[in-house]
Amino acid sequence: MTRLAICKQAIATNTKFFTKRSFSSSGLEANSSKYYDIVIAGGGMIGCSLACTLGANQKLSNKRILLLESSKNKQYIPSEKYSNRVVSINPGNKKLLDNIGAWKHIESNKYATVKRLQVMDAISDTSITFGEETSSKDISYIVENDLLIHAVKTEMEQAKNVEVQYNQRIKSYNLPKESGEMAKICLEDGSEYTCDLLVGCDGQNSQVRKAMGVNYLNWKYDNVGIVATLKFNEEIDNCIAWQRLLPTGPIALLPLTSNMSSLVWSTTIAHSQQLMKLSDEQFVQAVNEGLWKVYERYGIVDQLVKSFDSFLRAANIPADVCRRYPPKIQSLEEGSRASFPLGFGHATNYISKGVALVGDAAHRVHPLAGQGVNLGFGDVQCLNKVLGEAHYVGCSLGNVFCLKDYESERQKYNVKMMIAVEGLYRLYRTDSTPVVIVRSLGLQATDVLFPIKNMIIEEAST
Amino acid sequence: MAGNLLKGFVRTQNFKCMVKIRLYSSGTSTIDDKEVVHFKKFVSYWWDEFGEFKPLHSMNKIRIPWIRDCILANNEMKDASLPLKGYSVLDVGCGGGILSEPLSRIGADVTGLDANEDLIKAAKAHAELTKANVNYVASSVEDHARENFEKYDAVVSSEVIEHVTQKEEFVKACVECLKPNGSIFFTTISKTKYASFLAIYLGENVIKGIPKGTHHYEKFITPHELQRILEKNNCRTDVVHGTIYNFLTNTWSWWFNSDFTYVLKATKLDKQNC
Ligand SMILES: Cc1cc2nc3c(=O)[nH]c(=O)nc-3n(C[C@H](O)[C@H](O)[C@H](O)COP(=O)(O)OP(=O)(O)OC[C@H]3O[C@@H](n4cnc5c(N)ncnc54)[C@H](O)[C@@H]3O)c2cc1C
């Protein structure tokens with residue numbers, strides 16, 4: 001009885017302010033801001049791919065998506081020349097590009113297939129190879145960044161529910177705190193948007209991440225990445241990606257055509273400054289040296305490697321079945337040399353109410369394993385699946401419950417991969433004898449233990 | 001009259017939050033910004049996914065797919081983004097709209113019904129924020145049935161019947177709103193000692209995940225009893241399935257028996273069939 005009485009009184013008190021209309025205007029967003037279900041901030045490789053993938057998702061076909069990119073809408077002009085910015089795409093992510101219809105535009109232009117990856121330790125002369133040149137299984141595909149964006153954009157323009165705005169710099173974000181609130185995006189030109197879900201694809205310096213206020217574990221490497229397009233003096237069957245682990249950092253060649261490869265060389269800051277100052281001829285010489293130079297060996301390491309090798313042979317598992325050597329570089333594509341600072345970064349949270357981080361905005365790795373954009377594509381596939389499912393069960397897209405599935409699935413994978421890459425990086429930056437022994441025996445053993453290798457390949461290509 | 005009794009049913013949870021709101025707003029005579037803040041608090045109280053109603057939020061992960069797939073069982077889905085497009089659903093005892101909004105988002109034409117006017121106002125305000133398209137009505141199901149006889153393709157009453165005293169009248173009114181061959185869905189707590197232990201002892205007293213006084217053992221109902229009432233109202237029970245709530249992970253799962261909580265789906269038979 002008393003309960004009911006209190007309750008009635010409470011209702012009476014409440015009705016008063018419930019009937020008041022003033023709350024609706026202050027509680028709601030101003031009418032001047034335009035609403036989209038999803039706003040994607042940043043139209044790099046990952047932002048464009050996400051927009052395209054979500055646009056192709058049948059379960060999300062009633063959702064309106066807006067992509068905001070600060071740079072202008074660059075047109076891709078097909079040419080024989082290769083840009084110095086290329087990425088290596090895993091088979092699993094090629095499948096994604098195929099599913100959204102973008103791969104055919106890459107196929108009709110240019111790309112290279114990597115059938116074999118050979119990683120060599122410069123100090124101990126051991127090596128590990130993945131894949132076979134004659135195998136039907138591909139290791140990865142080398143695609144120009146610009147072509148990839150062009151291919152994805154071409155498909156994105158077909159999607160009825162995706163809108164793109166170029167030359168739009170985002171000034172600030174107002175993120176939701178309580179249920180029912182929307183993320184608000186303010187552009188530099190003064191326009192405003194609200195959305196159910198804001199996705200930050202705005203790269204390593206992500207402003208969305210900063211607005212979320214999440215912890216961001218990060219450091220700079222004392223390493224700089226140098227890229228360039230290199231030419232050989234002969235035509236070869238160019239399907240091997242080479243990586244040589246120098247004490248100063250890894251040097252890698254990714255196949256482009258029968259007489260061109262792309263260089264990704266990470267080295268110390270001082271060394272990179274020297275390299276950038278060299279003439280083209282001197283630079284080519286330095287690259288060849290990096291690929292071929294014989295380093296001072298440690299007797300004990302050599303001895304151990306040799307005896308381990310004979311042990312493997314005795315056990316009928318011969319190491320280095322058919323070892324290849326990298327091609328000799330003749331010249332450099334004019335103006336293709338450029339350098340980039342390298343760093344590590346990982347956001348402890350990829351999501352919060354109404355927001356998610358994807359791609360480099362959430363994580364940044366050393367390019368030594370060519371995983372950067374692949375991790376981002378993995379995020380795209382996962383978020384697409386999670387959002388489709390979330391909507392199919394009636395969840396609002398910004399709902400943390402649903403977004404949590406994205407975060408846990410991706411963090412589980414990304415962290416594992418990032419630790420592996422970081423471990424490799426640290427392992428090969430040292431030349432202390434015990435570490436060299438361990439790593440050379442490690443390399444040699446992995447090279448012959450097919451099951452482990454296949455596992456690594458499977459892992460990298462899913 | 002039973003109708004009046006039903007009209008008076010206020011869910012215990014609602015009662016609790018009324019009291020909270022009252023504490024905030026006492027002594028204010030003019031309507032000012034402060035009250036707007038209080039009002040927003042009231043809405044967010046219901047809609048806080050990690051707050052007191054979190055079991056109702058997390059339950060959506062299993063109850064929405066179940067309702068959706070039951071409705072779609074013998075029908076072709078035309079639009080994957082709006083699977084329930086073209087179906088009218090009545091959500092009886094909708095509260096703040098935790099179930100109504102998601103159902104509307106997957107395309108259903110939802111009417112959210114609650115006897116408590118304040119909750120309907122809160123639900124409406126939230127729907128306005130989230131742009132959800134739900135028709136909220138403050139009324140008892142009895143009154144609603146009078147004007148909306150055999151109007152809905154489906155009727156849902158989730159986590160409500162365990163708070164209702166006059167269960168026979170309640171079910172009867174729900175069935176009246178349903179079209180012949182339409183589906184009626186219930187989710188509730190079973191009347192067993194296990195359920196009582198889990199929901200009242202563990203939930204309200206030990207883990208304190210549920211506000212104290214939310215549930216009363218006498219009001220719980222077994223699947224058999226509910227089935228019997230439905231039969232009386234010309235409904236054939238198609239499915240009874242047990243569920244269980246994990247307080248620690250805040251997740252619901254299907255369970256092999258109906259000793260704790262369960263879902264029940266029945267079909268209203270054509271007059272000719274009975
Ligand atoms: C030397 C080097 C070599 C690499 N090699 C490889 C490789 O072989 N394989 C591989 O997988 N990865 C590689 N990577 C990594 C790869 O390039 C990145 O992971 C990838 O570019 C990340 O894509 P993204 O779309 O997440 O971010 P970004 O490419 O950084 O795109 C972010 C976009 O957001 C836009 N933006 C930012 N702020 C705003 C704003 N306020 N308003 C509007 N728009 C905004 C930017 O204009 C940009 O277009 C390499 C990286 C380096 C540095």
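The numbers here are math on the coordinates, done by the rules we state, and not lab data. It should be emphasised that the depicted structure is a prediction, and the values quoted were computed from it without experimental measurement. Cβ: placed from backbone, ideal geometry, glycine included. Neighbour counts: every protein chain shown.
Listed values, structure above:
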| read-out | value |
| --- | --- |
| Rounded Å value of the spacing that divides the Cα centres of region A:372-442 and region A:321-350 | 21 Å |
| For region A:141-198 versus region B:182-215, the gap between their alpha-carbon centres in whole angstrom | 44 Å |
| Around residue A:48: net Lys/Arg minus Asp/Glu count, Cβ-Cβ under 10 Å | -1 |
| Potential lengthening between residue A:433 and residue A:236 on full extension [0.36 nm per residue; Cα-Cα distance subtracted] | 67.2 nm |
| Of A:94/A:293; B:78/B:268; A:72/A:416; A:94/A:220, pairs whose Cα-Cα distance is over 32 Å | A:94/A:293; A:72/A:416 |
| Distance between region B:94-115 and region B:222-274 - C-alpha centres, whole angstrom | 20 Å |
| Unsatisfied cross-links (Cα-Cα over 25 Å) in the set A:404/B:265; B:54/B:124; B:124/B:271 | A:404/B:265; B:124/B:271 |
| Share antiparallel - DSSP beta bridges, region B:30-273, percent rounded to 5 | 50 percent |
| Distance (nanometres) between label positions extended 7 Å along Cα→Cβ at residue B:146 and residue A:178 | 3.6 nm |
| Residue A:340-residue A:160 FRET efficiency (beta carbon distance; Förster radius 35 Å; 0.05 resolution) | 0.40 |
| Region A:21-461: antiparallel DSSP beta bridges as a percent of all, rounded to 5 | 70 percent |
| R0 of 51 Å, Cβ-Cβ distance residue A:98-residue B:192: FRET efficiency to nearest 0.05 | 0.45 |
| Summed side-chain charge close to residue B:268 - residues other than residue B:268 whose Cβ falls under 9 Å, Lys, Arg +1, Asp, Glu -1 | 0 |
| Extension gain, residue A:74 back to residue A:219 (0.36 nm per residue minus Cα-Cα distance, nm) | 49.0 nm |
| Unit charges on C-beta of K, R, D, E only; dipole of region A:21-461, Debye | 620 debye |
| Cα Rg over Rh - region A:21-461, Kirkwood | 1.01 |
| Test item: Cα-centred dipole of region B:30-273, Lys/Arg +1 and Asp/Glu -1 on Cβ, debye | 480 debye |
| Proximal charge balance of residue A:61 [Cβ under 13 Å; K/R count +1, D/E count -1] | +4 |
| Using a Förster distance of 51 Å, the FRET efficiency for residue A:269-residue B:259 (Cβ separation, nearest 0.05) | 0.15 |
| 24 Å Cα-Cα threshold exceeded, pairs from A:104/A:412; A:385/B:151; A:95/A:153 | A:104/A:412; A:385/B:151 |
| Eligible aspartates and glutamates near residue A:328 by straight Cα distance, threshold 16 Å, same-chain separation 8 or greater | A:234, A:235, A:237, A:280, A:281, A:289 |
| Estimated distance in nm for a label pair at residue B:212 and residue B:239, the labels positioned 7 Å out from Cα along Cα-to-Cβ | 3.8 nm |
| In nm, spacing of pseudo-spin labels at residue A:210 and residue A:134 (7 Å Cα→C-beta vector) | 5.6 nm |
